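Undergrad: Below you will find the structure I want to go over with you.
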């Protein structure tokens, strides 16, 4: 199953919420993203069918290995891009919003190059 941007957003949200809380439910994801219950329910069904998420009898969501891999990749892109934009002088809210858009479409090659460049610039600034 090829994930779209919204699927990556849901997985990233579950990942972020699971870092803050021991249990994550669909309602938590909906509140975090500002989405309706029917939208979240449909998305969770698709993510379960795709092998990205499981839910126990209490409704607690868990990322599968595949889901965690996608979530971590998306989250890393978000955090690295946001930090890079902030270092360029972009307002925090705008930097985060732009990173959220770009994280889903940037190629692995370009992201890796940006990440290495940012690291190189940070190392030079610390000398």
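Read-outs throughout are calculated quantities, based only on the coordinates presented, and are distinct from any laboratory measurement. Small disclaimer: the values here were computed from a predicted structure and weren't measured. Cβ: placed from backbone, ideal geometry, glycine included. Neighbour counts: every protein chain shown.
Undergrad: Can you spot a residue in the range 85-102 that is touching a helix residue (DSSP H, G or I) at 6+ places or on another chain (Cβ under 8 Å), surrounded by 13 or more Cβ atoms within 10 Å (Cβ to Cβ) and either at positive phi or not in a helix (DSSP H, G or I) (or both)?
TA: Yes.
Undergrad: Among the candidates 76, 109, which residue alone is closer than 26 Å to residue 40 by Cα, exposed (fewer than 15 other Cβ atoms within 10 Å of the Cβ) and free of Cβ contacts under 8 Å to residues at least 60 places away in the same chain?
TA: Checking each option against the conditions leaves just 76.
Undergrad: In this structure, is residue 106 in a loop (DSSP other than H, G, I, E, B) and closer than 30 Å to residue 122 by Cα?
TA: On the way: in a loop (DSSP other than H, G, I, E, B): yes; closer than 30 Å to residue 122 by Cα: yes.
Yes, satisfied.
Undergrad: Report yes if residue 33 is surrounded by 15 or more Cβ atoms within 10 Å (Cβ to Cβ) and either more than 22 Å from residue 3 (Cα to Cα) or in contact (Cβ under 8 Å) with a residue 40 or more places away in the chain (or both), otherwise no. Break it down stepwise before answering.
TA: Working: surrounded by 15 or more Cβ atoms within 10 Å (Cβ to Cβ): yes; either more than 22 Å from residue 3 (Cα to Cα) or in contact (Cβ under 8 Å) with a residue 40 or more places away in the chain (or both): no.
Criteria not met by residue 33.
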